[in-house]
Structure formats: structure tokens, C-alpha cells
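**Q** This is the structure, below, for whatever I ask next.
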Amino acid sequence: MKWLVLKAGKKYSKSKKLSDMQLIPVTFTSINPGDIEDRITRVKKNELLEKLIVRLCNETKEQGGVITETDIFILLRLPYTMISNHVTSYGKRTKKVIPRAGTEMDMGKSLTHKRLAFHNYKKKIPTSENARLIDHTPESVDRYIKDGTSIEKLYAAGYNEWDVAFFTGPPIYVVQEYVEIIKSYEVL
């Protein structure tokens, strides 16, 4: 199946019109041998759906594009909340980021590469390995770590999350994610 998606590597915002965005065609696999095997072995419907969502996202990225959850909603004709719940639960369970517009362009409240990069940094994973684990460049990982350490220093100095967001620039929910990681390492 052919579909038009956002071209990867571009910066978009919610206020930008679709006509102002660069789109590229991608080809999705409707059915693959794994789908047939899953059907024979009676894999549960929710697990099949999750696998399909992950496959759509990964195939899009492999072809140089970025898919949105709205695209998936249109393609699969399922409730948007169901798709979002599958994406969220997969990310939390596997600690892997599903490549889609929210995560690839750091838009919205998705489980982001920023969070994972900083978490890996706190676990003392080297930048090169960290970049490989989250499928990002070492430069991006270094930038995420720099943001996280700035937030950590201000938070440790006694500033509240709103002040930290004001001084460092990221939205409050991003600061809150970093603070959540920082707090988890304070307990250790």
C-alpha cells in the first residue's frame, strides 16, 4: 500500500499547514509471513495490532519518512485512543521508542529520545552506545544530555519545575520527565 508521509529530518510545528510540509510516498507491507504465522498460532488481536502499528512506523522510517498517529488512525480505522494506548504501552514495556512524528521531531508528549538518552547517560552508558540504543546521532545525544544536566543543576539548586522550564527553554512536561529521572537516581 502507498501512503504520503512527512519527510524525515524536517522541523514541523502544529501550526504549520499540511500544504507547507514536505511529503514523500512510502510503501507499507499489508501482510507479511509473520502475520500469517501469528494468525496460525492464534496470537491475540491486541498483540497483532501492536505489531502492525510498530511495523508501519518502522517501515516509514526506513523509507525516509515520519508517520503520525493520525495517519495510523486513518489507515487502520480504529479509535485514536486505542492506537495511542498501544504506542504508549509498547514504549513503556520495551523501553523502545516507536519512530513517529512525536518522537522523531520531539513534538507532543510521546516517550522521547531525550528522556531515554538522559536515562542512559545517568546509567553511565557512553555516548556512542547511547546513540546506537536510541537510534540517534551522538551529537543529538550530547545535546539531550546537555539539556538534562542543565535541568538537573537548576532543580538541585532549589528551583521549581516551572522556573527550570523558564530558564532552560523546554516545555514543562519535558522538564518534568527529566526531573522524574533525576529523582529516581537520588533514591539509589
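The values are calculated or read from the model by the stated rules, or taken from the named source; none is laboratory data. Keep in mind that what you see is a predicted model, and the values were worked out from it rather than measured. Here the Cβ positions follow ideal geometry from the backbone for every residue, glycine too, while neighbour counts run over all protein chains shown.
**Q** Determine the pairs where a residue that is on the phi < 0 side of the Ramachandran plot, located within the range 45-57, has a partner that is of a type in the set (Ser, Thr, Tyr) and surrounded by 15 or more Cβ atoms within 10 Å (Cβ to Cβ) with Cβ atoms under 8 Å apart, the partner being 6 or more residues away or on another chain.
**A** Glu50/Tyr90; Ile53/Tyr90; Val54/Tyr90
Conditions (1) charged (D, E, K, R); (2) modelled with pLDDT of 90 or more, marked per residue:
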site: Tyr144; (1), (2): no, no
site: Asp147; (1), (2): yes, no
site: Leu154; (1), (2): no, yes
site: Ala157; (1), (2): no, yes
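**Q** Residues of the range 38-93 being polar (S, T, N, Q) and either assigned to a helix (DSSP H, G or I) or closer than 20 Å to Gln22 by Cβ (or both), which ones?
**A** Those that are polar (S, T, N, Q) and either assigned to a helix (DSSP H, G or I) or closer than 20 Å to Gln22 by Cβ (or both): Asn46, Asn58, Thr60, Gln63, Thr68, Thr70, Thr81, Ser84, Asn85, Thr88, Ser89.
**Q** Scan (1) in contact with a Lys or Arg (Cβ under 6 Å, 6 or more places away or on another chain); (2) loosely packed, with under 15 Cβ neighbours inside 10 Å for the single condition Pro99 breaks and write down its number.
**A** Among (1) in contact with a Lys or Arg (Cβ under 6 Å, 6 or more places away or on another chain); (2) loosely packed, with under 15 Cβ neighbours inside 10 Å, the lone unmet condition for Pro99 is (2).
**Q** Moving on to the next point. When the residues of the range 133-147 are filtered to those that are within 15 Å of Val175 (Cα to Cα) and more than 17 Å from the chain's Cα centre (by Cα), which remaining residue is surrounded by the fewest Cβ atoms within 10 Å (Cβ to Cβ)?
**A** Lys146
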